[in-house]
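Here the structure comes first, spelled out in structure tokens, and everything after it is commentary.
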Amino acid sequence: VLLNPNGKGKLSKRHAGFDDPDGKQVLVLAHEFKEAGYLPEAVMNFLINIGWHFGDDREIFTVQEAIERFDLKDVNPANSAYPIEKLDWLNGQYMQSSDADYLASLLQPILENAGYTVDSDRLKQVVPILQVRLKTLNDVIDMAGFFFDDWSNFTAPSEDILIQKKMDAEQTKTV
């Protein structure tokens, strides 16, 4: 039985996601994981890890590796709390190890749905910078949306805003 993340009460497969008492979103339905920006490989790895462990202190493995190693006697018969916080970590690990072109192909529609005009070549240049920082695909909007903004209406801030406290313009420029 899967328990809510706080360990109290069964996790219901019939109800949509909800926020736990700490404000963390708890995803339940398959489409919620996709909409939240999780990679299918990370979700599978996450779900396989609940109530069973791969062994050898490994937490990241393919479905095929799990199939080859799975033994029913290794399944923990006790109820397991749903460790949703681990999904962010796993998803980040999968994104870090993903091929940059593959990751760019997943990020492009997210940016476009947010209203950005995406230059594929620029996105491919940005992806290696993002890979180590993203926890979900949706994080790309806040982290890199500005790369695809229309800068034609950009107004530079005045110099006085840019100069750091207790510094003059030249010192700020040096820093």
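The values are calculated or read from the model by the stated rules, or taken from the named source; none is laboratory data. These numbers were taken from a predicted model, which means no experiment stands behind them. Cβ coordinates were reconstructed from backbone atoms using ideal geometry, including for glycine residues, and neighbour counts include every protein chain displayed. Accessible surface is based on the protein model in full, side chains and every heavy atom, while ligands, DNA and RNA are left aside. Shrake-Rupley method; radii C 1.70, N 1.55, O 1.52, S 1.80 Å.
Within the range 77-95, does at least one residue satisfy the condition of being in a helix (DSSP H, G or I) and of a type in the set (Asp, Glu)? Looking through the range 77-95, at least one residue is in a helix (DSSP H, G or I) and of a type in the set (Asp, Glu). Taking residues in the range 77-90 that are touching a residue at least 12 places away in the same chain (Cβ under 8 Å), and partners anywhere that are outside any helix (DSSP H, G or I) and open to solvent by less than 10 Å² (accessible area, probe 1.4 Å), the pairs with Cβ atoms closer than 6 Å and at least 6 places apart or on different chains are Ile84/Val26. Screening Asp57 on (1) at positive phi; (2) among the charged types (D, E, K, R); (3) at pLDDT 85 or above shows it passes everything except condition (3). The residues in the range 34-50 that are open to solvent by less than 60 Å² (accessible area, probe 1.4 Å), of a type in the set (A, V, I, L, M, F, W, C), farther than 15 Å from Met95 by Cβ and not in a loop (DSSP other than H, G, I, E, B) can be counted, and the count is 1. Does the range 130-137 include one or more residues that are in a helix (DSSP H, G or I), closer than 17 Å to Glu35 by Cα, open to solvent by 70 Å² or more (accessible area, probe 1.4 Å) and without any contact (Cβ under 8 Å) to a residue 60 or more places away in the chain? Scanning the range 130-137 turns up no residue that is in a helix (DSSP H, G or I), closer than 17 Å to Glu35 by Cα, open to solvent by 70 Å² or more (accessible area, probe 1.4 Å) and without any contact (Cβ under 8 Å) to a residue 60 or more places away in the chain.
Among the criteria (1) open to solvent by 60 Å² or more (accessible area, probe 1.4 Å); (2) in a helix (DSSP H, G or I); (3) modelled with pLDDT under 95, the one Ser105 does not fulfil is (3). Condition check for Pro157 on (1) assigned to a loop (DSSP other than H, G, I, E, B); (2) of a type outside the set (Lys, Arg); (3) surrounded by 10 or more Cβ atoms within 10 Å (Cβ to Cβ): one failure, at (3).
Annotation note: Cβ proximity below 8 Å between a residue of the range 150-175 that is more than 30 Å from Arg122 (Cα to Cα) and a residue that is part of a loop (DSSP other than H, G, I, E, B) (sequence gap 6+ or interchain) occurs for Gln164/Val175; Met167/Val175; Ala169/Ile163; Gln171/Gln164. Residues in the range 108-127 that are open to solvent by 70 Å² or more (accessible area, probe 1.4 Å), part of a helix (DSSP H, G or I) and touching a residue at least 24 places away in the same chain (Cβ under 8 Å): Arg122, Lys124. Taking the criterion of being in contact with a Lys or Arg (Cβ under 7 Å, 6 or more places away or on another chain), within 30 Å of Val127 (Cα to Cα) and open to solvent by less than 30 Å² (accessible area, probe 1.4 Å), the residues of the range 51-99 that qualify are Ile84, Asn91, Gly92. The number of residues in the range 139-154 that are of a type outside the set (Phe, Trp, Tyr) and either touching a strand residue (DSSP E or B) at 6+ places or on another chain (Cβ under 7 Å) or surrounded by 11 or more Cβ atoms within 10 Å (Cβ to Cβ) (or both) comes to 7.
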